[in-house]
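The values are calculated or read from the model by the stated rules, or taken from the named source; none is laboratory data. From a predicted model like this one, the values you see are computed outputs, not experimental measurements. Note that we place each Cβ from the backbone using ideal geometry, even for glycine, and neighbour counts take in every protein chain shown. For accessibility, only protein heavy atoms count, side chains too; no ligands or nucleic acids. Shrake-Rupley method; radii C 1.70, N 1.55, O 1.52, S 1.80 Å.
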Amino acid sequence: MATGWGNDSFARRNPRETWQRGLGGLLDYASATDTRAIVFVLIFSLLAFLPGQSKVPPIDRDEARFAQATKQMVDTGDYVDIRFQNDVRYQKPIGIYWMQAVALQTAEFIARRDLTDRIYVYRIPSLIGAVGAVLATLWVAGMFVSRRAAILAAMMMAASIMLGIEARLARTDAMLLFMTVLCMGVLARAYLPRAAEEPDNRALPFVFWIALGVGVLLKGPVILMLVGLPIVTLAAIDRSASWLKALRPLIGIPILLLLVLPWLLAISARTGSTFFSDSIVGDALKKVYTSQEGHGALPGYFIVLFFLTFWPASLLAGMAVPGVWREKWETPVKFLLAWLVPAWIVFELAITKLPHYVLPLYPAVAILLARAIETGQMSRKSWMEWGTFWWFAVPVLVFVGALFLLLRYEGELGWQAWPFLAAAIVFGFRAWWLYDVDGIERSLLRASVTTVLLSIAVYWSVLPALQGLFPSVSIQRSIHATGCKTPRIAAAGYHEPSMVFLSGTDTVLTSAAGAADFLRGDDDCRFAVVEQALERTFARRAEAIDVRYTQVSRFRGYSFGSGGRVAFTIYRSLGDR
C-alpha cells in the first residue's frame, strides 16, 4: 500500500492522545501501519455485518431456495446435482452450494449437533465474502491512494446498505463481489505503473485465475463480463494489451479450466444440455431482453437506487464527479472508470434489473471517492453539500418507521433498539451539521458509524421482532406448539421456499383439494396450511371425502416472496378418532 500522509508520526508517538481525538484519531492510529489498517477494517466489517445473522429468519425466495438445495445436497450426499425438492435448480452453478455445504458440515462438526435448519450457517459464505470484499477493497485501493484513504474506501464498502444486506443472505452475490475485487486488484497491479522498488509477486496471477474460476462456479459468465469489459475497454483506449502478459495466461487458463470443467462435465454427463440451457439461455441471457419475475425496469434504475444502496457514501458521489471527469485520462482514474462505466451501461440496458447487480462495481466508486477526498477535488457547491442532510434524516426516518411498524403490527415499542437508533441519530446529525467544520473525512467516518448502529438496531432487534414478515416461522411455531414430534405438512396456495426449508424437504406443495386429501388417514400429526382464498375449496373437498380436522391457528401478515399480504389457516387432522 501507499504510505504517505501527515499523521503517521503523531499516531506512533502519542497513542493516548490519538484515542482522545475520537474517530479522526482512530483513523490516524489505524493508518500508521498495514497491520493496523487490516485489523481496523476487519473489526469494522464484523461490527457492520454480524448483527442479525442468527436472528433474521430465512428470506424468500432466493435465500431459502439456495439453503434448501444445499440441505438436500448434504442429506443425499449428491454434490453434483442441484435440486429443490424434486425439481432441478439449474439457474446458477454449483459454487455457492459447495461453500454452504462446507459451512454446514464444519459447523455441525464443531457444535456436535444437527444444524440443517439453522439459516445462519448457510449465511457464513456470504459473511466471509462480504468481509473478504472489504479487505480486498482495502488492498486494491492501496494501489491508487494512501493507506489512510484506502481505509476510507474500505469503510464505504462495509457501511453500504447493499453489501450489508448481501452479507446476511445465503446466496452468491457477496462472494461474487469478493472474487471480482480480487481479479480487479490483480489487473490493477498489472496495469498501473509500478514503483521501481516494489517487488514482483509471483502469486498474483494464480490469485487472478483461481478467483476467476471460483467466480464462474458461483454465477457463470457474469464475472467474465465484469472482468472482461475493463480489459477490452483499456485495450481499446490504449491500443495495447501487452500488460496482460503479467497474468501468465498460458499457465492461468489451464488452472481456470481445471477448476471449472470437472463439475461442468459431471453435470453434463448426468443432464445432457439441460444445465446449460437453463442456466445460460434460460437465466443469464434471458435477463437481457425480458423481465424475469416482474423485475424489469427502465435505464437509469441503478443510478436512482445508488443513493440508497451505497448510502452513506453515495451522498458524496456528486461532489466527486467534476474532479474525476478532469482526470479521466490519468492512468489510475482511467482504470477505475473502465471497471465502472462499461459494465454499468450493460446492466442499465438489460431489461431485468435487481439492486444487487451493480454491487461488484461499487469498489471502483469507493476508490474514486477516496481519491477525490485525498486530493481535495471534492466540489464545494453548497447545494451538493446540503445532500449530507440525509445522513441525519435517514436514521430519523428509520426510527419513526421502526416504531410505527412495531406498534402497528406487534403492539410493542422495541426498547432494545432505542439506544442504537438514538446513537445513530446523534452520529448522523453530527456528520451533517459539522460537515463544514470538521471536513469530509471525519463526517464520512461519523456517517459510517451511523450505518453500523442502524444495522445493529434493524437486523438484531427490529426486523426479528416483526413476526408478521415471516409467515413460515409462524407455521413452524404453531405446529411445534401442538407437541407433534414428527409432523407432516402440506400447503395450498402458500408455497414459499422458506416453509420447505423450515418444515422439511418432504413438505407437500399442493392444491386445496390435495391438502384435504393429505389430511385423510389415521395419523393425527398431519397438518394443512391453506391460504385464505382456497379455504372454501378445501372445506368442500374435506367434507366430500369425510376428513375430520380442527383449526390450529390463523395468520395474517406479509410475504417477501410474493411482495404482498398473505393470510392462511393451519388445520390438523383428527385421524380416525
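Can you say whether G376 is open to solvent by 10 Å² or more (accessible area, probe 1.4 Å) and outside any helix (DSSP H, G or I), as far as the supplied structure shows?
Considered against the rule, which asks whether it is open to solvent by 10 Å² or more (accessible area, probe 1.4 Å) and outside any helix (DSSP H, G or I), G376 comes out as yes.
For I82, are the conditions met, namely being under 20 Å from S279 (Cβ atoms), of a type in the set (A, V, I, L, M, F, W, C), in contact with a strand residue (DSSP E or B) (Cβ under 8 Å, 6 or more places away or on another chain) and buried (at least 17 other Cβ atoms within 10 Å of the Cβ)?
When the stated conditions are applied, I82 passes them.
Assuming W386 fulfils every condition listed in (1) out of contact with any Ser or Thr (no Cβ under 6 Å at 6 or more places or on another chain); (2) buried (at least 17 other Cβ atoms within 10 Å of the Cβ); (3) closer than 15 Å to A313 by Cα apart from one, which condition is it?
Tallying (1) out of contact with any Ser or Thr (no Cβ under 6 Å at 6 or more places or on another chain); (2) buried (at least 17 other Cβ atoms within 10 Å of the Cβ); (3) closer than 15 Å to A313 by Cα, W386 fails exactly one: (2).
Could you list all residues from segment 42-62 that are crowded, with 24+ Cβ neighbours inside 10 Å and assigned to a helix (DSSP H, G or I)?
S45, A48, F49
For L308, which of the numbered conditions (1) modelled with pLDDT of 95 or more; (2) within 28 Å of I345 (Cα to Cα); (3) surrounded by 15 or more Cβ atoms within 10 Å (Cβ to Cβ) fails to hold?
Against the list (1) modelled with pLDDT of 95 or more; (2) within 28 Å of I345 (Cα to Cα); (3) surrounded by 15 or more Cβ atoms within 10 Å (Cβ to Cβ), L308 comes up short only on (3).
Could you figure out which of (1) more than 29 Å from M73 (Cα to Cα); (2) surrounded by 17 or more Cβ atoms within 10 Å (Cβ to Cβ); (3) out of contact with any strand residue (DSSP E or B) (no Cβ under 8 Å at 6 or more places or on another chain) isn't true of R536?
Checking R536 against (1) more than 29 Å from M73 (Cα to Cα); (2) surrounded by 17 or more Cβ atoms within 10 Å (Cβ to Cβ); (3) out of contact with any strand residue (DSSP E or B) (no Cβ under 8 Å at 6 or more places or on another chain), the one that fails is (2).
List the helices (runs of 4 or more DSSP H) that sit entirely inside segment 266-338 and contain at least 2 residues that are within 21 Å of L226 (Cα to Cα).
286-289, 301-309
Identify all residues within segment 85-123 that are open to solvent by less than 50 Å² (accessible area, probe 1.4 Å) and without any contact (Cβ under 8 Å) to a residue 24 or more places away in the chain; write none if there are none.
Once the filter is applied, which keeps residues that are open to solvent by less than 50 Å² (accessible area, probe 1.4 Å) and without any contact (Cβ under 8 Å) to a residue 24 or more places away in the chain, segment 85-123 yields A103, A107, E108, A111, L115, V121.
What residue, of R202, R148, R171, R189, is touching a residue at least 24 places away in the same chain (Cβ under 8 Å), part of a loop (DSSP other than H, G, I, E, B), open to solvent by 10 Å² or more (accessible area, probe 1.4 Å) and not hydrophobic (A, V, I, L, M, F, W, C)?
Selected residue: R171, the only one of R202, R148, R171, R189 that is touching a residue at least 24 places away in the same chain (Cβ under 8 Å), part of a loop (DSSP other than H, G, I, E, B), open to solvent by 10 Å² or more (accessible area, probe 1.4 Å) and not hydrophobic (A, V, I, L, M, F, W, C).
Going by the conditions given, is S478 in a helix (DSSP H, G or I), buried (at least 18 other Cβ atoms within 10 Å of the Cβ) and of a type in the set (S, T, N, Q)?
The answer is no for S478.
How do the pairs read when you match residues in segment 552-577 that are among the acidic types (D, E) with residues anywhere that are open to solvent by less than 50 Å² (accessible area, probe 1.4 Å) and assigned to a loop (DSSP other than H, G, I, E, B), using Cβ under 8 Å and keeping only pairs 6 or more apart or on different chains?
Qualifying pairs under 8 Å: D576/G521.
Taking R248 as the residue in question, decide whether it is touching a residue at least 24 places away in the same chain (Cβ under 8 Å), among the charged types (D, E, K, R) and more than 30 Å from W329 (Cβ to Cβ).
Criteria not met by R248.
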